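Quick note: the coordinates plus some simple rules give every number you see, no bench work behind them. Just so it is clear, the structure is predicted and the values come from calculations on it, not from any experiment. Please note: Cβ atoms are built from the backbone with ideal geometry, for glycine as well, and neighbour counts cover all protein chains shown.
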Amino acid sequence: MLELADIGNALRLRLLSATPMPCHVVAFSSWIAADSARLQAVVEESLGFTGQARHPEHVAALGFGAHAGLLSNAQLQTLRDEVEHLGGRAFFSPGRPPRFEVDGIALLGVSLGAVYVLPGDGAWLPRLLERSSGEVASDQWQLGLLRLARLAIGEREIRIVPPRPCRRRGRAWPGRCTRR
């Protein structure tokens, strides 16, 4: 049987041997594995971004850092500004393929950060997470991350059901059924 410690070790090894990954994926993996040093490095990288505006992936990395208690007051203010900036964006815009809107890791990181910097505010986030959940309904991994994000911001009426195994001729298939 696979145990959480095995999963944590596998994540640590993957981080050390992986080709470059997006900052929010490294932050998520570090957060899950409780690797504070690696998470702090990703937070610093995200804070050091010098473009016009930080990407949602940078904001997600800051959110994981906030949840881990690694951000200073000044860094929390930066996170607050960035989450508010995200709240002013138009999501699922016609003619633009969704990116952040369907990225469960990024949405989870932003949600974890928003809890620290927007208590009681941010009505845009529950609406986005609900719509995003519908968009990724066939992807159990992304849907699970979005459900966790929704729980993180305080939603309680979320139905979580494990996927049913597919059956063919009386035998379980190693996939997931798309029929419900």
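The range 1-61 and the range 73-142 have their alpha-carbon centroids 18 Å apart.
Counting only Cβ charges, +1 for Lys and Arg and -1 for Asp and Glu, the dipole size of the range 75-151 around its Cα centre is about 120 debye.
Using the average count of surrounding beta-carbon atoms within 10 Å as a protection proxy, the listed peptides 144-151, 6-13, 107-114 rank, highest first, as 107-114, 144-151, 6-13. Potential lengthening of the chain between A74 and I7 amounts to 20.7 nm, from the contour at 0.36 nm per residue minus the alpha-carbon distance.
The phi torsions of the range 139-147, fed into the Karplus equation with coefficients 6.51, -1.76 and 1.60 and a -60° offset, translate into couplings of 10, 4, 5, 4, 4, x, 5, 5, 5 Hz, rounded to whole numbers, with Gly and Pro shown as x. With r as the distance between the Cβ atoms of A137 and R96 and R0 = 22 Å, compute the FRET efficiency 1/(1 + (r/R0)^6) and round to 0.05. Calculated transfer efficiency: 0.60.
Just so you know, the Cα atoms of the range 8-157 work out to an Rg and Dmax of 14.6, 42 Å.
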